[in-house]
1. Taking the number of other C-beta atoms within 10 Å as the exposure measure, put B:46, B:101 in order starting with the fewest.
2. Measure nothing fancy, just the Cα-based angle from helix A:2-14's long axis to the longest principal axis of chain A, in degrees from 0 to 90, nearest 10.
3. Helix A:62-81 against the longest principal axis of chain A: what's the angle in degrees, Cα atoms only, rounded to the nearest 10?
4. How far is it, in nm, from the label point at residue A:146 to the one at residue A:159 when both lie 7 Å from their Cα along the line to the Cβ?
5. If you fit an axis through the alpha-carbon atoms of helix A:147-163 and take the longest principal axis of the Cα set of chain A, what angle between them do you get, 0 to 90°, nearest 10?
6. Only counting other Cβ atoms within 10 Å, I'd like B:399, B:427 sorted with the fewest neighbours first.
7. So for A:123, B:82, fewest C-beta neighbours within 10 Å to most, what's the order?
8. When a/c reaches 1.5 or more, the comparison of a/b and b/c decides; with that in mind, is region B:193-252 rounded, prolate or oblate per its Cα gyration tensor?
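Where a number appears in this text, it was derived from the coordinates with a stated rule and is not lab data. All values derive from a computational prediction rather than experimental measurement. Because the Cβ atoms are built from the backbone with ideal geometry, glycine has one as well, and the counts that use them run over all protein chains shown.
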């Protein structure tokens, strides 16, 4: 507990938390996936339409392309909105553009910290850190981290969690 | 934490004797248990007959005396054997740190329940079990979907085991845990049958389901003039009505809350008696609910005494992680209920005043915004919700797992935000429609309070 109170003093002195954004890898992956899928959709829509219904109908392929352009911007905004801050005693998470959400998880309440990485994420060299507390409603996750950073974060959170651990 | 060490110590003396001790410590359930298991095949048959009555009728007419005899001759021993085997293969033992249950005929299952993690223990005595003089013990632990149940034990055994589990969980030495016995209890409250009946009569749900049955059934009859749909629609409706009125009366009859060093004791039930125990410091949230019609009841008598937010009757619910029981007091005058709450959460007084959202919140929730409120005391985070049916929820700071702030586009326009507090009992308590600036302060302040609040909490082993 004495570490906790000392840390609180530091945080109070520092004032504003130091935010960390996400590395650009996640944005790159999401945009690539978006372009690949919607590009394929555009081709699949435009080619049969152009062949069977006349060349004018081939313009329908522009619809997915427009959606892709819109999604490109949205993904960028969403990616910029994600940020986290490791404070002395708790982890701060903030995300969302229209529906904003900010989460505070005290280190002592973390039951489990896991790093996950799917096949696509692994290809792009990304990993996701998921925090679990005793409350299932806590949805604290940081996606798209560099694997080394994810592991560092996991180790640090686990260490801090053990130091400040508490029961239910 | 002490378990491996203690076991090591026992084994160190004499391995053979130690193993014999464990074997000796293992116990079986009450021999009446197979009868309960024997019901399974019969229940399957009945279920099939109800599900498909025509087919069942046809099969019954084809049945001759011989086939019936053969069926009985096969079924009854098979059921008895199944019951006997499941009973034979179920063992349990209490060690220094754990309750171990070994069970399963085909799929073996061994559960080791850490005593200091026990959230609540219930002794249930269903009607038939009361006749047979047995009881079942249910143990609530965090994070298990399947509740661990010891059914059935002799009534005396169940009480003794409950007392022993609690004594060991409290940190008494294993040698003395046997002798500690049941901790003395002090009664806090008993709900008189008349008050309970009155409370149910004043609940909207009771009349709602009854009224629905009374309206829908004649309508169905006039529409179809055949008894089948009336029965098909009416039976569930009547069932729901009975469950919400008579069923609740029977379940909540003679509700007694007492306090003991073991924690809170709750006894209730007319036919099926249940005895619940919640060890100290396990309560995650407490909710005080006041349905509309309860507001003016008994206010002349208890209104003067009950300072907190007027008189009337209230219902108190509590949430413990991993436990499905939620009612603490089915009905009581507000002053009495608040006294009980002060016992459950030591030193907590239900705050009278709570801060309303700013007036512009009416743009997000017309009229109803007035029902919301939030208050923070040094021990609890309190939210108020509801205009007609008022709900006040209390969360001790030490039980907060995470704090979230959410804000949608419409709320952003009005500079409002919601603060959610997540607790270990999978309940989220929300302070809605706060001013955005205030909400941010509330969130950070709450995170700070929940972190420091832990220091004053009681240890898991509350007697050590």
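1. Ascending Cβ contact count within 10 Å gives the list B:46, B:101.
2. Once rounded, the angle reads 60 degrees.
3. Approximately 10 degrees, to the nearest 10.
4. Going by the 7 Å Cα→Cβ label model, 1.8 nm.
5. 30 degrees
6. Lowest to highest Cβ neighbour count: B:427, B:399.
7. On the way: A:123 10, B:82 16.
In order of increasing Cβ crowding within 10 Å: A:123, B:82.
8. prolate
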